[in-house]
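The values are calculated or read from the model by the stated rules, or taken from the named source; none is laboratory data. Everything quoted here is computed from the prediction, not taken from an experiment. Here the Cβ is made from the backbone with ideal geometry for all residues, glycine too, and neighbour counts use every protein chain on show. Heads up: the accessible areas ignore ligands, DNA and RNA and are worked out on the full protein's heavy atoms, side chains in. Shrake-Rupley method; radii C 1.70, N 1.55, O 1.52, S 1.80 Å.
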Amino acid sequence: MSLEQWETYYRGGAIATGPTGPDGLYDLEVRRAWVGFFSSLPTEARLLDIATGNGVIPLIALEVARSRGAQWTIDATDLARIDPTQQVADGAERFAGVRFHPAVASEKLPFEDASFDAVSGHYALEYSDTAAALAQVHRVLKPGGDAQFVTHHAGSVLIESARRSMADCDVVLKQVRLYRRVHRLVTLDSAPEATLKAASDELVAGLRVVREAHATAEARQPGSGRVFAVAIDAAQKLLAARRTMKPALVGLEVDRAEEELRASWRRLNDLVGHALDDAGIAAVQQQATALGFTLIECHRLYHAGENLVGWQLTMHRP
Amino acid sequence: MSAGAPDAGALLARAGAEHRAGRLGAARRLIDEALAAAPRFGEAWCALGTVHADEGRFAEAVAALDVALDCGVGRPHEAHLQRAVWFADHLRRDDDARAALEAALALKPDYLPALMNLGNLHEQRGDRDAALACYARALDEPRFAAVPESALRQVALARTAVMRPPASIDDALVARLRAAIDATPPDALERVHLQFALGQGLDRLGAVDAAFDAFARGNRTLLRREGRRYDPRREAAAVDALIAAFPPAAAASSDDDRPDVDRDARPAPVFICGMFRSGSTLLEQVLAGHPEVVAGGEIDWLPRLAFERLAPFPARAIGLSRDEAARLGAEYRAHVAALFPASLDARVLTDKRPDNHLLVGLIKRLFPRAKVLHTVRHPMDNGLSVYMQHMNLEVTPYANDLGDIGHYYGQYRRLMAHWDACFPGDLHVVPYESLVHDAEATVRGVLAFLGLAWDARCLAFHERRNTVKTASYWQVRRPLYGDAAGRWRRYRAHLASLEAALRAAGVDVPDAD
C-alpha cells in the first residue's frame with residue numbers, strides 16, 4: 001500500500017472519497033446507510049472509526065449525535081499520518097469530541113478489549129488484512145456492540161472509473177512518456193537549433209496524442225478525461241515556467257509533477273486492488289463468522305438509485 | 001367549486017399550515033371560514049375530519065368525511081380507508097369499518113392498503129379464513145403486483161405465515177420468507193414484518209438459534225429505520241417524577257375521606273396494567289367471559305387526559321382539586337358509556353392498557369375506589385416475548401434491544417412497587433404463569449378481588465368472537481397454553497444482556513419458572 005500518496009491526498013483536505021453532497025459529506029443512500037447505523041446506537045456510547053482518512057464518518061456520527069441529543073465519544077484511526085483537525089477547513093471546530101490516532105494499523109488497534117459500542121469504517125476494512133482487522137474489531141467491541149463497514153466493490157462505478165483513470169495514466173506516463181518529453185525540452189540549455197526542434201516536435205506529437213485521447217474520453221463521457229486534462233495543463237505550465245526559471249529547476253518541477261501522477265496511479269491501484277468481488281466479500285463474511293460475529297448482513301450499496309458504490313457489511317458481537 | 005373557492009382554497013392552505021404546526025384550534029377556525037365561503041368544498045371537510053381526529057373526536061371526524069364524500073372529494077377511496085381506520089381503532093364499530101373498506105375497494109379495486117386493512121380487521125375479529133383470503137388475494141391477484149403500494153404484499157406474506165406457520169424447517173414457506181427478506185431493501189418496513197414472521201415460525205419449530213437470529217435482525221432493522229428512541233436516563237427521571245407527584249403519604253391521608261361519587265356507580269372501572277406481553281390481554285379476555293363484565297380493551301381517554309389536557313404530566317396533576325378530579329371521573333364514565341352502551345348494565349368495565357401503570361396515581365385520584373389488576377410474568381420470559389414481537393416504537397421505544405427492555409422492566413417494577421405501597425389492598429397481582437398453569441384458582445382469586453361471583457364461562461374465552469386489538473390477537477384465540485411459560489430457558493444463551501440489565505435494575509430473576 002502506498003501510504004505516502006494517501007497522506008498527500010488527505011493533506012489536500014478532501015473529506016470524502018466518493019460521491020458527495022453539497023456539504024462535502026456522503027449523501028443519499030450512502031449517507032442513509034451511516035445515519036441508520038448511528039441512529040441504532042444508545043444515547044451514551046463510545047465509537048471507533050477505522051481508516052478514517054479525513055474523518056468523514058465521524059462527521060456524520062457527530063451530526064446524528066446532535067440530532068438525537070446523544071453523548072458519544074469518538075476515536076478515529078488511520079494508518080496514514082492524518083491530522084483532520086488541521087487539514088480540513090474548520091477542522092478544530094468540526095471535530096470537537098473526536099480523538100484522531102494517526103499511524104495506527106487496523107490490524108493493531110491500540111485500545112483495551114471491549115471498549116467500544118460500535119465500530120465503523122468507510123472504504124477502510126478492505127485496505128487491511130481483513131481477518132486480522134476483524135479480529136481486532138471483535139476484540140475492542142463490547143459484547144452487544146455492532147460494526148458496519150462500507151467497502152469498495154470490484155464492479156462499482158468508482159472502481160470502473162479508477163480503472164479508466166489508471167489506463168489514462170498509462171497513456172501519459174508509459175505510452176507517450178509525456179513528462180519525459182517535457183523534461184527533455186525544458187532542460188535543453190544552449191543546444192543546437194536542430195536538437196531543440198527535434199525535442200519540440202517530439203513534445204508536440206506527444207501532446208497531440210494526449211489531446212486526442214482526451215477528446216475521445218470526453219466524447220465517451222464528459223468529465224472522464226481528467227487525467228489527460230491535468231497532464232496537458234501541467235505540460236503547458238511547465239513550458240511557460242521556462243521563461244522565469246532556470247532549466248534545471250524546471251526539470252525538477254517536471255519530475256515532481258510526474259511523480260504526483262504516478263502517486264495518483266498508485267492510489268487508484270490500491271483502490272482497485274483492494275475492492276472486493278463476490279468471492280472477496282464472501283471470504284470477509286466467513287472471517288467474521290469464524291470470529292463469532294452474528295447477524296452478518298451484506299448488501300450492495302447504490303448511490304442515486306443505480307450507481308453501485310460498494311458493499312455495506314454489518315455485524316454484531318454477541 | 002363555487003365562486004368563493006379561491007378564497008376557500010387559500011384559507012384551507014393556511015389551515016394546513018396551522019395543523020402541521022399543531023395549532024388545532026386555529027386550523028379548525030380557518031376551515032370553518034373556508035366552509036362558510038364554500039360549503040361544498042370537499043377537501044375542507046376532509047381537513048376538518050383530520051383535525052377532529054387529532055382532537056380525539058372521532059365520531060365528528062367520520063361525519064366530516066361523510067360530508068366530504070357527499071361533496072365529491074378527489075381520491076374518495078382514501079377517505080373511505082381513513083373512515084375505516086377511525087371506525088375500527090377508535091369507535092369500536094367494526095362492521096362500519098368493514099363496510100368502509102369494501103366501499104374503498106369497490107371504488108378502486110386495486111387499492112391494496114384497503115385490502116390489507118380488511119385482512120387486519122378480520123384478524124382482530126378472529127376470522128382467520130377471511131383474513132387469509134384477503135392476504136391470498138393480495139399475493140395472487142396480478143392487479144396488486146404493479147401498484148405503488150405493492151410492497152404491502154410482503155406484509156401479506158408475513159401475516160399469512162404467522163397465521164399458517166411452517167410445518168417443518170423444510171417447509172417451502174421458510175425458504176419463501178428468507179427469499180422475500182433477501183429481496184427487500186435493507187431498511188424497509190416490510191422486511192421487518194417478514195423477519196418477525198420468520199422468527200415466529202422458527203420458534204414454533206423449536207429452531208431456537210435461527211429464530212433468535214430472525215428476531216434480532218427484525219429488531220435491528222427497526223432500530224435503523226426509526227432510530228433508537230429509548231433513553232434510560234429520561235425513563236428513570238419520568239418514574240422519579242411520578243413517584244414524587246403521587247407520594248404514599250398523600251394517598252394515605254386521602255384514604256379516610258374518599259369521595260363517594262363512585263361508590264355505587266355502575267359499571268365500576270377496573271384498570272388492568274402490566275408490561276406489554278405479560279398477559280394483560282389474556283386476563284381481560286378471561287374476565288370478558290363473566291356476564292357482569294364488559295371488556296373495554298385499550299381505551300385512550302386516560303392517556304389523552306394525562307398527556308394532553310394535563311400536560312405536563314404529572315406536574316399538572318399534583319394540584320388537581322377533588323372537584324376537578326370528580327368532574328374528570330364523570331367525563332370518563334360518560335365517554336366509556338358512549339363507547340360501550342352495554343356496560344351500563346354491567347358491574348365491571350375493564351380498561352386494559354399496559355401503560356396504565358404510569359397512570360395508577362391519577363386513576364386513584366379520579367376513582368379513589370378503583371381496583372387495579374397487575375399482570376406479571378417471569379421477567380426473562382416477559383422480556384423475550386417483547387423482543388420477539390414486532391412492536392410499535394412510538395409505544396414501546398425500548399422493545400428492540402434486550403438491554404433497554406431490561407432497564408425499562410426495572411423502572412416499571414419500581415413504579416408498581418410504589419403504587420403498591422400507596423394503595424395497599426387496591427392492587428391485585430395476576431402472575432401469567434398461574435393464569436396458564438392454574439387458571440381456575442387464579443381466576444377465582446381475581447373475581448373475589450373484584451367482588452364478582454365465580455363463573456365457569458371465564459375459562460372458555462378462546463371460543464369468543466370479539467375484537468382484540470393488540471399484538472396478542474392470535475394467542476387469545478387459543479385455549480390457555482403453557483408453552484410460552486419458561487421459554488426463556490431455551491433462549492438463555494442469547495439473553496445475557498437482558499439478564500444483566502434486569503439484575504442491574506435490582507429485579508429478581510428467579511431461576512425456577
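Here is how the numbers come out for the structure above:
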item: Residues losing 40 Å² or more accessible surface upon assembly, the range B:192-239, compared with the chain by itself, 1.4 Å; result: B:ARG217, B:ARG220, B:ARG224, B:ARG228, B:ARG233
item: Set of lysines near B:LYS352 by C-alpha distance (under 26 Å), chain-local residues within fewer than 8 positions excluded; result: B:LYS364, B:LYS371, B:LYS469
item: Mean accessible surface per residue for the protein assembly as shown, computed with a 1.4 Å probe while every protein chain stays in place, in Å²; result: 42 Å²
item: Fraction of accessible area attributable to carbon and sulfur, chain B (%, probe 1.4 Å); result: 52 percent
item: Helix axis angle, A:28-39 relative to chain A longest principal axis, alpha carbon, degrees; result: 30 degrees
item: Shape box of the protein assembly as shown [Cα atoms, principal axes, largest first, Å]; result: 122, 74, 57
item: Under-5 Å amide H pairs with A:HIS101, H placed in peptide plane, nonlocal only; result: A:ALA76, A:THR77, A:ASP78
item: FRET efficiency, A:ALA191 to A:ALA229 (Cβ-Cβ, R0 35 Å, nearest 0.05); result: 0.70
item: B:ARG178 - accessible surface, heavy atoms, 1.4 Å probe, Å² rounded to 10; result: 110 Å²
item: A versus B: buried accessible surface, summed, Å² (probe 1.4 Å, to nearest 100); result: 1400 Å²
item: Value of D in µm² per second that Stokes-Einstein yields for chain B, Kirkwood Rh from Cα pairs, at 20 °C (1.002 mPa s); result: 87 µm²/s
item: A:HIS183, A:HIS152, ranked by accessible area, largest first (probe 1.4 Å); result: A:HIS183, A:HIS152
item: R0 of 56 Å, Cβ-Cβ distance B:ALA421-A:ASP277: FRET efficiency to nearest 0.05; result: 0.30
item: Beta bridge orientation in the protein assembly as shown: antiparallel %, DSSP, nearest 5; result: 30 percent
item: Nonlocal amide H pairs with B:LEU349, under 5 Å, H built at 1.01 Å; result: B:ALA268, B:VAL270, B:VAL294
item: Kirkwood Rh, Cα atoms: Rg over Rh of the range A:38-190; result: 1.15
item: Heavy-atom accessible area ranking, 1.4 Å probe, most first, across B:GLU235, B:GLU440; result: B:GLU440, B:GLU235
item: Karplus-derived 3J(HN,Hα), 6.51/-1.76/1.60, for each residue of the range B:225-242, Hz, glycine and proline x; result: 5, 9, x, 6, 9, 6, 10, x, 5, 5, 5, 5, 5, 5, 5, 4, 5, 5
item: Heavy atoms of A:TRP72 accessible to a 1.4 Å probe, total area in Å² rounded to 10; result: 20 Å²
item: Within the range A:247-267, backbone nitrogen closer than 20 Å to the virtual label 7 Å beyond the Cα of A:ARG81 toward Cβ; result: A:260, A:263-264, A:267
item: Whole-Å distance, taken between Cα centres, linking the range B:128-173 and the range A:224-251; result: 67 Å
item: Under 26 Å from A:LYS237, Cα to Cα: lysines that are on another chain or at least 8 residues apart; result: A:LYS174, A:LYS197, A:LYS246
item: Whole-Hz ³J(HN,Hα) from phi, Karplus 6.51 cos²θ - 1.76 cosθ + 1.60, for the range B:410-419, glycine and proline x; result: x, 5, 5, 5, 4, 5, 5, 4, 5, 4
item: Area of B:ILE318 that stays accessible when all protein chains are in place (1.4 Å probe, Å², to 10); result: 90 Å²
item: Whole-Hz ³J(HN,Hα) from phi, Karplus 6.51 cos²θ - 1.76 cosθ + 1.60, for the range B:329-337, glycine and proline x; result: x, 5, 4, 4, 4, 5, 5, 6, 5
item: Distance in nm between pseudo-label sites at A:THR294 and B:ALA130 (7 Å out along the Cβ direction from Cα); result: 4.1 nm
item: Where B:HIS390, B:HIS378, A:HIS299 fall by accessible area, highest first, once all protein chains stay in place (1.4 Å); result: B:HIS390, A:HIS299, B:HIS378
item: Sequence-distant residues sharing a close amide H with A:TYR302 (under 5 Å, placed H); result: A:VAL309
item: FRET efficiency estimate (nearest 0.05) - Cβ-Cβ, B:GLU141 to B:ALA338, R0 51 angstrom; result: 0.80
item: Partner lysines for A:LYS108 [C-alpha distance under 25 Å; skip if fewer than 8 residues away on the same chain]; result: A:LYS142
item: Ellipticity estimate at 222 nm from DSSP helix runs (n ≥ 4, -39,500 (n - 2.57)) divided over chain A, nearest 500; result: -16500 deg cm²/dmol
item: Dimensions in Å of chain A - Rg and Dmax from alpha carbons; result: 22.8, 77
item: Chain A - share of DSSP beta bridges that are antiparallel (%, nearest 5); result: 40 percent
item: Residue among A:ALA96, A:ALA288, A:ALA194 with the largest mean-square fluctuation in a Gaussian network model of chain A, springs linking Cα atoms under 10 Å; result: A:ALA194
item: Rounded to whole Å, sorted largest first: equivalent-ellipsoid semi-axes of the range B:92-156, Cα gyration tensor; result: 19, 14, 9
item: Euclidean distance of C-alpha centroids, the range B:1-65 and the range A:31-80, integer Å; result: 44 Å
item: Within the accessible area of the range A:95-137 (1.4 Å probe), percent carbon and sulfur; result: 49 percent
item: Dipole magnitude of chain A about its Cα centre (Cβ charges: Lys, Arg +1; Asp, Glu -1), debye to nearest 20; result: 760 debye
